[in-house]
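> Before I ask anything, let me first share the structure, which is written out below as structure tokens.
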Amino acid sequence: MKSSPALFTLFLAAAMPTAATAQSQNDAAAAPDQQQDEIEFKADTIDYDFENDIVTASGDVILNRDGYKLRANEVVWNRKTGMVVAEGNIRSTSPDGDVAYGDRIELTDSLRDGAVDNLLLVLEDGSRLAANRSERFADGSLALHNAAYTACAVTTEDGCPKSPSWQIKAVKVIYDPVQKRVKYEGARIEIFGLPVIPLPGLSHPISDENRSGLLVPDVKLDTVNGLGVTVPYYFSIAPNQDATVTAQIFTDVAPLFSGNFRSLDDKGAFQLTGYATYGSRIPTGASQISPDAESDFRGYFATNGRFRLDDKWSVSQSARIASDRTFLRRYDISDDDSLRSTINLERISDSSYFSLAGWAFQTLRVNDPQNRVPVALPVIDYRKRFNDPILGGRLQLQANSLAIGRSEGQDTQRAFGSARWDLRKLTDWGQEITLTGYVRGDVYHSDDNALNETAIYRGQSGWQTRAIATAAVDVKWPFIGEAFGGTQTITPRFQVVASPGLANLSVPNEDARAVDLEDSNLFALNRFPGYDRYEDNVRATYGLEWEINRPDLQVNMIVGQSYRLENNNNIVPEGTGLSDRFSDIVGRTNVRFKDIVKFTHRFRLDKDNLAARRNEIDATIGTKGTYAQIGYLRLNRNIGAELEDLRDREEIRLGGRYQIDQYWSVFGSAIIDLTDRSEDPISVADGYEPVRHRLGVAYDDGCLSMGVTWRYDYEDTGDARRGSTFLFRLALRNLGV
């Protein structure tokens with residue numbers, strides 16, 4: 001390495017192109033500015049040609065200036081022309097961290113501009129640019145000729161060279177390190193070495209910062225809309241705001257345009273989404289075999305957001321509305337059969353909760369009149385928990401108010417106030433005993449009750465009141481010990497709940513309709529899902545929980561039943577498992593073995609003949625790459641068709657993925673409706689009716705992701721017709737805008 005005196009001489013020579021003279025005080029004052037122009041110059045050996053004013057450095061040569069660093073085997077610096085020529089194992093680093101490799105580099109003595117042969121530029125984000133010849137200008141930008149770009153790794157994990165899965169080749173590439181953007185002339189993309197797509201006018205960013213520009217298009221083919229190409233354009237409005245405008249062009253129907261706007265600030269975030277087109281649709285209620293199509297505006301609007309006003313108050317909103325009942329399915333946006341809109345003002349503290357909300361719904365179901373769909377406004381809920389014990393227990397108060405209106409149908413207003421007290425104790429023998437007291441007073445008012453088609457839900461018109469009082473005791477007695485190579489816990493549980501008889505049918509039922517006994521509500525004070533129905537009289541519930549934990553295996557089970565002193569068929573129909581004195585038997589089993597097996601089984605058995613009234617299975621077997629999923633549901637409650645919330649159903653869901661190798665996989669799924677008329681009298685299924693199936697192949701190496709998916713839908717609803725859909729997906733790392 002050059003000694004310090006010689007290195008200092010070179011620094012001085014670089015700073016002063018003429019012979020050095022004694023500095024005055026004024027010269028000394030300018031020294032800092034001169035030092036900014038110095039080139040730090042290190043090498044194993046240095047030769048200086050005084051006659052031609054040429055410095056030749058050999059060995060491990062390092063040059064530094066203004067954050068630019070150059071390393072090479074040999075550097076020749078002509079101080080008269082200012083030209084610096086470096087050769088051999090060249091590595092040049094910019095202040096931003098971009099690293100360039102080359103065989104020969106010609107630079108000015110600023111180390112900013114010049115030309116490079118056989119350039120390899122490794123950018124800050126790990127992507128690479130390579131070119132036969134390149135030029136670097138004073139502003140730091142690069143012009144690369146006969147160049148290629150890729151964001152993929154070019155070496156294996158063992159360090160061996162490999163071809164990138166994709167690259168862009170171009171006649172000329174301009175790289176702007178200030179804007180962090182790459183622009184191409186005469187570009188085409190190659191995937192696995194094959195030229196696939198020409199990309200005229202392509203440009204994209206090479207940093208994590210948002211940049212405006214085109215995103216990667218999607219291609220879709222289906223039997224309803226034909227061949228479709230989706231072209232999205234992304235707008236970076238501000239660091240906290242962006243928007244995407246998308247045009248979907250189809251061969252068989254008019255184009256569909258959509259937009260999405262997002263905003264985030266220190267108070268919260270929200271987004272707006274809209275779709276619009278002008279086209280034909282088939283009415284869902286058409287009775288003729290070949291109904292005439294209607295041409296009109298069609299679209300969809302959605303928004304959601306949440307803002308935190310201070311450390312306790314927040315407001316959230318969500319709204320969705322569609323022009324017609326089949327638009328979302330027709331354009332493959334959503335399969336929802338109901339759209340929900342809500343706004344909610346909340347206050348949450350350590351001991352209280354307040355909510356003022358409103359709800360509205362748009363039905364997309366066939367033969368479901370919109371004028372019968374309710375609007376809930378306002379919905380008020382307040383809860384207060386007292387931290388200091390009262391009689392040794394915890395007290396919580398609640399006040400709730402609800403107003404439901406329909407343009408044609410029953411209107412209901414409700415208000416109640418309640419108090420709940422819970423005392424939890426552990427005995428010397430290890431029992432966990434919980435005592436609960438609950439009181440509530442309700443006030444109802446309803447109109448047009450006769451318009452409610454379900455008599456059990458109507459209630460009586462006008463003003464109605466109801467008083468509720470409940471006392472309950474719940475006892476758990478866990479037994480814990482070693483078993484089967486792990487820890488076993490057996491917990492018998494017994495609960496008694498007592499309430500005086502209530503005139504439940506005198507008040508309307510708006511929120512407690514889909515009642516169904518299951519493991520999650522077996523020990524609840526009220527097993528109805530809402531407030532409008534409440535279980536009265538005296539009942540005892542008993543059950544058993546079993547759990548075992550081993551290092552790689554966890555199993556837990558629960559089974560239970562309840563007994564009532566009187567029948568409950570005045571407010572719940574036969575088939576729900578709750579109408580008779582003895583309830584049906586319900587249970588759940590969860591099994592998890594490592595991350596290979598996840599199994600859940602829920603059941604309800606008829607108390608008289610042990611017939612399965614509810615049988616539900618969800619299972620996943622396999623690894624992250626290769627797995628199989630199965631879901632099965634059978635509801636066999638034999639409830640009449642007049643209760644639309646409790647219809648019987650049977651279906652199976654299948655899915656899976658097989659990892660062929662490190663990058664390639666195939667996947668598929670299917671939904672089959674197994675319901676027949678014996679289970680649901682109004683069902684049109686024949687006991688084996690496919691709903692949808694999907695099959696595809698995918699490739700993903702972390703740099704390139706692509707796939708082809710075939711989907712077939714079997715349901716016809718208006719102009720959302722059955723048929724095939726092919727989706728072609730391509731995603732390239734760093735390439736989008």
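The values are calculated or read from the model by the stated rules, or taken from the named source; none is laboratory data. This structure is a prediction, so every number in the text was calculated from the model and none was measured. A quick note on method: Cβ atoms are made from the backbone with ideal geometry, for glycine too, and the neighbour counts reach across all protein chains shown. Note: areas computed on protein heavy atoms with side chains; ligands, DNA, RNA excluded. Shrake-Rupley method; radii C 1.70, N 1.55, O 1.52, S 1.80 Å.
> Dividing the Cα convex hull volume of region 590-641 by residue count, how many Å³ per residue is that?
Cα convex hull per residue, to the nearest whole number: 78 Å³.
> Applying the Karplus parametrisation 6.51 cos²θ - 1.76 cosθ + 1.60 with θ = phi - 60° to the phi angles of region 331-336, what ³J(HN,Hα) value in whole Hz is obtained for each residue in order, glycine and proline being reported as x?
Going residue by residue, I get 9, 6, 8, 7, 9, 4 Hz, with x marking Gly and Pro.
> Next question, about the same structure. Modelling each spin label as a point 7 Å along the Cα-to-Cβ direction, I'd like the VAL691/TYR663 distance in nm, to one decimal.
3.7 nm
> Once neighbouring chains are kept in place and the probe is 1.4 Å, which whole percent of the accessible area of the chain is contributed by carbon and sulfur?
In the chain, the share of accessible area belonging to carbon and sulfur is 55 percent.
> Give the residue list of trypsin sites (Lys or Arg not before Pro) in region 594-624 that are DSSP loop and have at most 15 other beta-carbon atoms within 10 angstrom.
LYS594, LYS624
> Next up: Would you kindly calculate the translational diffusion coefficient of region 471-531, applying Stokes-Einstein with the Kirkwood radius from alpha carbon pairs, for 20 °C and a viscosity of 1.002 mPa s, and quote it in µm² s⁻¹ without decimals?
Using the Kirkwood radius from Cα pairs, D works out to 144 µm²/s.
> How compact and how long is region 314-447, expressed as Rg and Dmax of its alpha-carbon atoms in Å?
My reading of the Cα-based Rg and Dmax gives 20.9, 65 Å.
> More than 23 Å apart: what percent of Cα pairs in region 413-572 qualify?
50 percent
> Let me ask something else about it. Hey, what's the Kirkwood Rh for region 654-733 if you take every pair of different alpha carbons, in angstrom?
The Cα-based Kirkwood calculation yields 14.7 Å.
> Rounded to two decimals, what is Rg over Rh for region 100-208 when you use alpha-carbon atoms and the Kirkwood radius?
Dividing the radius of gyration by the Kirkwood radius yields 0.97.
> Here's another thing I want to ask about it. Describe numerically, in nm with one decimal, the distance between label points set 7 Å from Cα along Cα→Cβ at ASN132 and at GLU566.
9.7 nm
> How far, in nm, would the chain grow between SER236 and ALA399 when pulled straight, counting 0.36 nm per residue and subtracting the alpha carbon separation?
Answer, rounded to one decimal: 54.1 nm.
> Students often get this wrong, so check it: of LYS172/LYS220; LYS384/LYS425; LYS476/LYS594, which have C-alpha atoms separated by over 27 Å?
Result: LYS172/LYS220; LYS476/LYS594 exceed 27 Å.
> Using a Förster distance of 30 Å, how high is the FRET efficiency between LEU423 and TYR353, based on the Cβ-Cβ distance and rounded to 0.05?
Between LEU423 and TYR353 the formula returns 0.85.
> Follow-up. To test your reading of the geometry: what angle, between 0 and 90 degrees and rounded to tens, separates the Cα axis of helix 4-15 from the longest principal axis of the chain?
With rounding to tens, the tilt is 90 degrees.
> Per the chain: cysteines with no other Cys C-beta under 4.7 angstrom?
Singleton cysteines: CYS160.
> Between ARG306 and ASP47, how high is the FRET efficiency from 1/(1 + (r/R0)^6) when r is the Cβ-Cβ distance and R₀ = 51 Å? Nearest 0.05.
Calculated value: 0.15.
> What is the percent of Cα-Cα separations in region 413-502 that go past 19 Å?
Value for region 413-502: 62 percent of Cα pairs lie more than 19 Å apart.
> If DNA, RNA and ligands are ignored and the probe is 1.4 Å, what is the ranking of TRP429, TRP664 by accessible area, most exposed first?
TRP429, TRP664
> Send over the per residue convex hull volume for region 251-395, Cα only, as a whole number of Å³.
154 Å³
> Using 0.36 nm per residue, how much length does the chain from ALA247 to ARG372 gain when fully extended, once their Cα-Cα distance is taken away?
Length gained between ALA247 and ARG372: 41.4 nm.
> On to the next question. So, for the chain, what is the accessible surface per residue at a probe of 1.4 Å, expressed in square angstrom?
Using a 1.4 Å probe on heavy atoms only, each residue of the chain averages 52 Å².
> Anything over 26 Å Cα to Cα? Flag those among LYS180/LYS624; LYS69/LYS180; LYS42/LYS80; LYS80/LYS183, in the order listed.
With Cα atoms farther than 26 Å apart: LYS180/LYS624; LYS80/LYS183.
> Could you tell me the accessible area of SER207 in Å² (1.4 Å probe, neighbours in place), rounded to the nearest ten?
That residue has around 30 Å² of solvent-accessible surface.
> Residue by residue through region 408-414, what is 3J(HN,Hα) from phi via Karplus (6.51 cos²θ - 1.76 cosθ + 1.60, θ = phi - 60°)? Round to whole Hz and write x for glycine and proline.
Per-residue couplings from phi come out as 8, x, 6, 10, 9, 10, 9 Hz.
> Given a Förster distance of 60 Å, report the FRET efficiency between SER207 and THR434 from their Cβ-Cβ distance, rounded to the nearest 0.05.
Step by step, r from the Cβ atoms, then E = 0.55.
> Cut-off 17 Å, label point 7 angstrom out along Cα-to-Cβ of ASP448: give me the residues of region 377-408 whose amide nitrogen falls inside.
Residues 377-378, 403-408 qualify, since their backbone N sits under 17 Å from the label point.
> List the chymotrypsin sites (Phe, Trp or Tyr not before Pro) in region 70-155 that DSSP assigns to loop (not H, G, I, E or B) and whose Cβ has at most 13 other Cβ atoms within 10 Å. Which are they?
Loop-located and lightly packed - PHE137.
> Hey, got the Cα dimensions of the chain along the principal axes, in Å, largest first?
Result, largest extent first: 117, 75, 55 Å.
> Any chance you could tell me what percent of the C-alpha pair distances in region 287-370 go past 21 Å?
Distances greater than 21 Å cover 48 percent of the Cα pairs.
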